[in-house]
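Enquirer: Got a structure for you, written out below as structure tokens; questions coming shortly.
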Amino acid sequence: MEYPLNFSFKVLAFAPQLAVADAGGNLVYYVKQKVFKLKEEVTVFADREQTRPLYKINADRVIDFSARYHFSDTAGNALGSVKRQGMKSLWKARYDILDGEEIVMGIAEENPWIRVVDAVLEQIPLVGIATSYLFHPKYLISRADGTPVLRLTKQPAFFEGKFRLDKLTEISEAEERQAILSLLMMVLLERARG
């Protein structure tokens, strides 16, 4: 994939839709989340028409702070999972990326104050528009040994959520897939938190 990758979603959409494009503007992934589901189930497609499914992401339980989201390909082969670190994630977003039962990477919000200020000021008319250009939460994806591999940064945008994913070091195809699927789920979950 050509980095940086750009994640975008419509803020005012009834059913959350998330698109990921590469540096050339080519669509890589597309997700349209179903609403009113007690147990999360997300299909990741290769096209906006949703005719070419690539992956499934399924929660292991009904909505919960520490639910685990399992990834699989279209044949049902397990590809890993992501799990929010429960109560630790209330203040600062933290997720574990797992391969089986082994934690292979983690996602951590770099500065939780940025998200708090962004979310609060975003609610004030006119001020909220300006803050979308001032405050940009960042999330660092690191291997279990602490090596940073990717960084997701919120980008300025009106009426749309935009994030940029930068590659910080070389990663394997399996790591890349697990990290991107984890980030897709994290963006959908964190979007609801502000």
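Enquirer: If neighbour count is taken as other Cβ atoms inside 10 Å, put Tyr95, Tyr3 in order from fewest to most.
Expert: By the 10 Å Cβ count, ascending, the order reads Tyr3, Tyr95.
Enquirer: Using a simple spin-label model with points 7 Å from Cα along the Cα→Cβ vector, what separation in nm is obtained for Glu173 and Gln50?
Expert: 2.8 nm
Read-outs: derived from the displayed coordinates by stated rules, not from any lab. Predicted model, so just to flag it, every value in this text is computed and none were measured. All Cβ positions, even for glycine, are placed from backbone atoms using ideal geometry, and neighbour counts span all protein chains on display.
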